[in-house]
Amino acid sequence: MRLILLGPPGAGKGTQAKLLGSRYGIPHISSGDLLREAVATESPLGLEGRAFLNKGELVPDEVVLAIVRDRLRQSDAVRGFILDGFPRTLAQAEALASLLEAMGQTVQQVVLIELREVDIVRRLSGRRVCRRCGEMFHLEFRPSRQPGICDRCGGELYQRDDDRPEVIRRRLGIYELETAPLVAYYAERGLLSRVDGNGTAEEVQRRILSHLHP
Ligand code: AMP
């Protein structure tokens, strides 16, 4: 299965991609996670991307492409993958198509997770992430047992710089401008399914599964 999850920030792509990845035994490839990791380890690509990431702006295509290309070439991605947060521009979608073609592969399906702006802002502003293991919590919808501490590993929970309200608005503007055109791009190619992103992770997962081709 080679699947892309598309949708605005905060729609639940990461959560759904993780669930699908463990269900099908294929990697969940998040360009945002790969970039944050590159920033944390201060790799050359991470240093190039850091300022864009913190401001909530798109990292230049060539930086993201280099990171995603390396990841797709790892052996665990041979059987399939779930892409989350990539592609985010038409140029990235074209580059992905060429990259896969060179590997004798294609994108098989694209699932768009839809959510209204008020719900997106509510989800993102309450989101907290474990600095150590990456587990996600939410002040309102999924609070940790002890405030500020990860239930899973005891690590410190933090708010991503780009989950602050003023940055969220910028990210949504960029989504509409740069990423929303991908909906038409994949619909024209007969690859797109639309799923309502409201409700619990389990509910949304069931909706996605009902759209997936076996
Ligand atoms: P995410 O975790 O998907 O919300 O991504 C966090 C941030 O990483 C974004 O706001 C961008 O700065 C950067 N980023 C992630 N994926 C991409 C991409 N495909 N193209 C450009 N920038 C990206």
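Bear in mind that the values in this text are calculations on the coordinates, not laboratory data. Model, not experiment: these values are computed from the prediction. Here Cβ is always computed from backbone atoms with ideal geometry, including for glycine, and neighbour counts include all displayed protein chains.
If you average 1/r across every pair of different Cα atoms in the range 1-130 and take the reciprocal, what Kirkwood value do you get, in Å?
15.3
Specify which residue in the list Ser125, Met136, Leu83 is farthest towards the positive end of the charge dipole of the range 57-194, using unit charges on the beta carbon of Lys, Arg (+1) and Asp, Glu (-1), about the Cα centre.
Met136
Can you compute the modelled spin-label distance between Tyr158 and Leu209, with each label point 7 Å from Cα toward Cβ, in nm?
3.6
With r as the distance between the Cβ atoms of Glu57 and Glu176 and R0 = 22 Å, compute the FRET efficiency 1/(1 + (r/R0)^6) and round to 0.05. Before the final figure, lay out the partial values.
On the way: r = 14 Å, r/R0 = 0.64.
According to the calculation, E is roughly 0.95.
Can you work out ³J(HN,Hα) from phi for every residue in the range 190-204, in order, using Karplus 6.51 cos²θ - 1.76 cosθ + 1.60 and θ = phi - 60°, giving whole Hz and x for Gly and Pro?
Calculated HN-Hα couplings, in order: x, 9, 8, 10, 10, 10, 6, x, 6, x, 6, 4, 5, 5, 5 Hz.
Of all alpha-carbon pairs in the range 70-135, indicate the percentage at a distance above 19 angstrom.
52
When Lys and Arg each count +1 and Asp and Glu each count -1, what net charge do the other residues less than 13 Å away from Arg207, Cβ to Cβ, add up to?
-2
Return the FRET efficiency for the residue pair Arg69, Met136: r is the Cβ-Cβ distance, R0 is 22 Å, and the value is rounded to the nearest 0.05.
In this case the efficiency is close to 0.25.
Run the Debye formula on the Cα coordinates of the range 159-212, all scatterers equal and no solvent, and tell me log10 I(q)/I(0) at q = 0.18, 0.21, 0.30 1/Å.
-0.86, -0.96, -0.98
In the range 60-214, what is the volume of the convex hull around the alpha carbon atoms, normalised per residue and reported in Å³?
In the range 60-214, the Cα convex hull volume per residue is 147 Å³.
Which residues in the range 93-128 have a backbone N closer than 15 Å to a point placed 7 Å from the Cα of Val78 along the Cα-to-Cβ line?
Within reach of a label on Val78, which here means backbone N under 15 Å from a point 7 Å along Cα→Cβ, the range 93-128 contributes 103-105.
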